[in-house]
Amino acid sequence: MAAAANMEKGELISQVKQQIALANAQEMLAKMTHKCFTKCIQKPGKALDNSDQRCISQCMDRYMDAWYLVSRTYGNRLQREQYRTMDSMDMSN
């Protein structure tokens with residue numbers, strides 16, 4: 001019985017994490033679209049010309065590169081903090 005409850009809890013946590021990741025990705029896409037559109041499209045028309053397309057592509061690439069760098073750095077910092085917390089707990093015992 002307890003094993004089943006733990007499994008359900010684990011599945012629920014996994015689903016919540018997936019939903020949070022999806023929401024974060026959607027928010028990032030919306031921000032990136034807004035920023036790149038504002039930066040690159042000076043005179044909206046029926047179609048994007050080559051320079052508009054190139055600007056948007058480069059803007060999105062830079063945005064994704066920056067997001068990846070920040071995300072990786074933040075993840076590394078969280079890991080270091082977690083190890084420090086674990087080490088300090090071990091030393092106090």
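Every number in this text was worked out from the coordinates using simple rules, so none of it is lab data. Remember, predicted model here, so these are calculated numbers, not experimental data. Every residue, glycine among them, receives a Cβ derived from its backbone with ideal geometry; neighbour counts consider all protein chains shown.
Quick notes
- Taken one residue at a time, the phi angles of the stretch 25-33 give Karplus couplings (6.51, -1.76, 1.60, θ = phi - 60°) of 5, 5, 5, 4, 4, 5, 5, 4, 4 Hz. Gly and Pro are set to x.
- Residue-by-residue Karplus 3J(HN,Hα) for the stretch 48-59, coefficients 6.51, -1.76, 1.60, Hz, glycine and proline x: 8, 7, 4, 5, 4, 4, 5, 4, 4, 4, 5, 4
- Size of charge dipole - the chain - debye, nearest 20, with Cβ of Lys, Arg +1 and Asp, Glu -1, no other charges: 460 debye
- Estimated distance in nm for a label pair at Asp65 and Arg80, the labels positioned 7 Å out from Cα along Cα-to-Cβ: 2.4 nm
- Potential extension, Leu22-Ser51 segment - 0.36 nm per residue separation minus Cα distance: 7.3 nm
- Tensor-based shape of the chain (alpha-carbon gyration tensor, a/c under 1.5 rounded, otherwise prolate or oblate): oblate
- Lysines with Cα under 25 Å of Lys46, excluding same-chain neighbours fewer than 8 positions away: Lys31, Lys35
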